[in-house]
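Notes follow once the structure below has been shown.
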Amino acid sequence: MRVPGDADDRADARAGALRPTLGGLAWLGILLAIAVVQLARGQWGDAAIFAVAGVLLIAESTGLLSMLERIARPGIDVVVVGAAVAALALTLAPRHSVTAGAAMIGVGVAALTAAWPPSRSTERAPIAWPSAVRRLAWSWTVVWLVACFWEVAQVTLGGSTPGGRAAHPALSDIVNPLLDLPLGKVVFVVAWVALGVFLVRRGNVRRGSQQREREP
């Protein structure tokens, strides 16, 4: 009987990693497109973050980061406690401060560690979504694509027209006044962290159920 994580599993993972999925290519395209837009805006730090995420995705899809599969994943209780600490730090720290930036980096590293997928050979083959879920996914895809194109258009017009960003505010320009209010900042931070905990927990629960189904 093969044990997940043994030499055969790692060999299968490397072989499978050389065949990137359509979903992986789509995410790579999204990350690189955002990096290009941030470069056009002159936001070098934001562009670097998305570029690094794209490089990590390429490295993972080609099997260069297989050693990370052996990292112990934290339990959901640890994730919740860490999320609460992060929410408190982000709420108390001034916006755009070094403390807030360090907290954001910590959240990113912790989320990456908690959500990093196991060996590809231990994952179940994809299951087709029901038609209702597919329709919902396409509907949200259209909504977010329209929002993204609107954002790109506003950024482009704001940097090239006489009215500037005042006449063509980006989404961040619209949200900034709300985040400057203490209550608005608390609501946003709590919602953002709660969504992250949900996504990490959903991924861990799904992988756990798949592993139990494969056990004899």
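Each reported figure results from applying straightforward, stated rules to the coordinates on display, with no laboratory input. Since we're looking at a predicted model, the values are computed, not measured. When we count neighbours, we look across all protein chains shown, and the Cβ atoms used for this are built from the backbone with ideal geometry, even at glycine.
Extension gain, Val81 to Thr161: 0.36 nm times the residue separation minus the Cα-Cα distance gives 24.1 nm.
Using the per-residue mean of other Cβ atoms lying within 10 Å as a proxy for protection, in what order, highest first, do the peptides 136-146, 43-53, 153-163 fall?
43-53, 153-163, 136-146
Computed from phi, the 3J(HN,Hα) profile of the stretch 185-196 under the Karplus parametrisation 6.51, -1.76, 1.60 (θ = phi - 60°) reads 5, 5, 4, 5, 4, 4, 5, 5, 5, 5, 5, x Hz, with x in place of Gly and Pro. Principal axis extents of the Cα atoms in the stretch 140-195, from largest to smallest and rounded to whole angstrom, are 37, 29, 11. The stretch between Leu39 and Val109, if pulled fully straight at 0.36 nm per residue, gains 22.9 nm over its current Cα-Cα span. Full extension of the chain between Arg134 and Leu25 yields a length gain of 37.3 nm, computed as 0.36 nm times the residue separation minus the alpha carbon distance.
Among residues other than Gly158 with Cβ under 13 Å from its Cβ, the summed charge is 0 (Lys and Arg +1, Asp and Glu -1).
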